[in-house]
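Okay, structure first, notes after.
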Amino acid sequence: MQQIEQRFGTHYVGAQGELHRAQMRELVFSDPSAKRDLEHILHPLIGQDVRRQLKHVAFDYAMIVVPLLIETGAYSDLIKRVLVVDCDEELQIARTMERSRIDEAQVRAIMRAQVSRDDRLRAADDVIDNGGELQQLNPQVEALDYRYHSMTGAV
């Protein structure tokens, strides 16, 4: 947070040292250099933490959740497969508006700053369709879990 405050100013940091996410989101999706600077601060720290946590994994496989995996190209030394959880763009917009309490224009600006859905799907080794009801996810997740365990020789 100290680096963020030094680079972006106190306006983006709360009294308790927390990030003002709404203000930062507005800035980085309207200013590409601010986005780049924030990524240069955060990504090395996140990468160190991911690598530290992976050293303690006691399972057959681990999943690393990286929202900007395709955009950053990070973690190529750690990943063997890319799993994309997908839904159509209109549903993505509606869910993001509800979750983040932002308007459609902001969501679309964020999406323009990211890799397209088509590019994300092209990069995927595996895809989970998250466009339906919640109960439709379980069979997909179970099938991939079985497949991933099989790939490790654990099944």
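Read the figures in this text as sums done on the coordinates, not as results from a lab. This structure is a prediction, so every number in the text was calculated from the model and none was measured. All Cβ positions, even for glycine, are placed from backbone atoms using ideal geometry, and neighbour counts span all protein chains on display.
Just add up the charged neighbours of TYR12: K/R +1, D/E -1, any other residue whose Cβ is under 12 Å from the Cβ of TYR12. Counting the neighbours of TYR12, the net charge comes to -1. Residues whose amide H falls under 5 Å from that of LEU19, counting only those 5 or more places apart or on a different chain, are GLY14, with hydrogens built in the peptide plane. Taking all Cα pairs closer than 8 Å and separated by 6 or more residues, the relative contact order of the range 1-77 comes to 17 percent.
Set the Cα radius of gyration of the range 41-130 against 2.2 N^0.38 Å, with N its number of residues, and you get 1.22.
Taking amide H atoms as placed 1.01 Å from N in the peptide plane, the amide H of VAL85 lies under 5 Å from those of ILE128, each 5 or more residues away in sequence or on another chain. Phi angles of the range 129-137 translate, via the Karplus equation with coefficients 6.51, -1.76, 1.60 and θ = phi - 60°, into HN-Hα couplings of 7, 10, x, x, 7, 4, 5, 7, 6 Hz per residue; Gly and Pro are given as x. The largest-to-smallest principal axis extents of the Cα set in the range 79-139 are 34, 28, 17 Å.
In order along the range 62-72, the phi-based Karplus estimate (6.51 cos²θ - 1.76 cosθ + 1.60, θ = phi - 60°) of 3J(HN,Hα) comes to 10, 10, 10, 8, 10, x, 10, 4, 5, 5, 8 Hz; Gly and Pro are listed as x. Note on ASP129 and ASP60: with the Förster distance fixed at 35 Å, the Cβ-Cβ geometry gives a FRET efficiency of about 0.90. Take LEU68, project a point 7 Å from its Cα along the Cβ direction, then tell me which residues of the range 1-33 have their backbone nitrogen under 12 Å from it. Output list for this probe position: 25, 28-33.
If R0 equals 41 Å, the separation of the Cβ atoms of HIS20 and SER150 corresponds to a calculated FRET efficiency of about 0.35.
Using the Karplus relation 6.51 cos²θ - 1.76 cosθ + 1.60 with θ = phi - 60°, the per-residue 3J(HN,Hα) values for the range 140-155 come to 5, 5, 4, 5, 5, 4, 4, 4, 5, 4, 4, 5, 8, x, 7, 10 Hz, with x marking Gly and Pro. Subtracting the Cα-Cα distance of SER33 and ILE4 from 0.36 nm times their residue separation leaves 9.1 nm of extension gain. Of the labelled figures (1) 38, 14, 12; (2) 93, 21, 14; (3) 30, 22, 14, only one reflects semi-axes √(5λ) of the Cα gyration tensor in Å as derived from the coordinates, namely (3).
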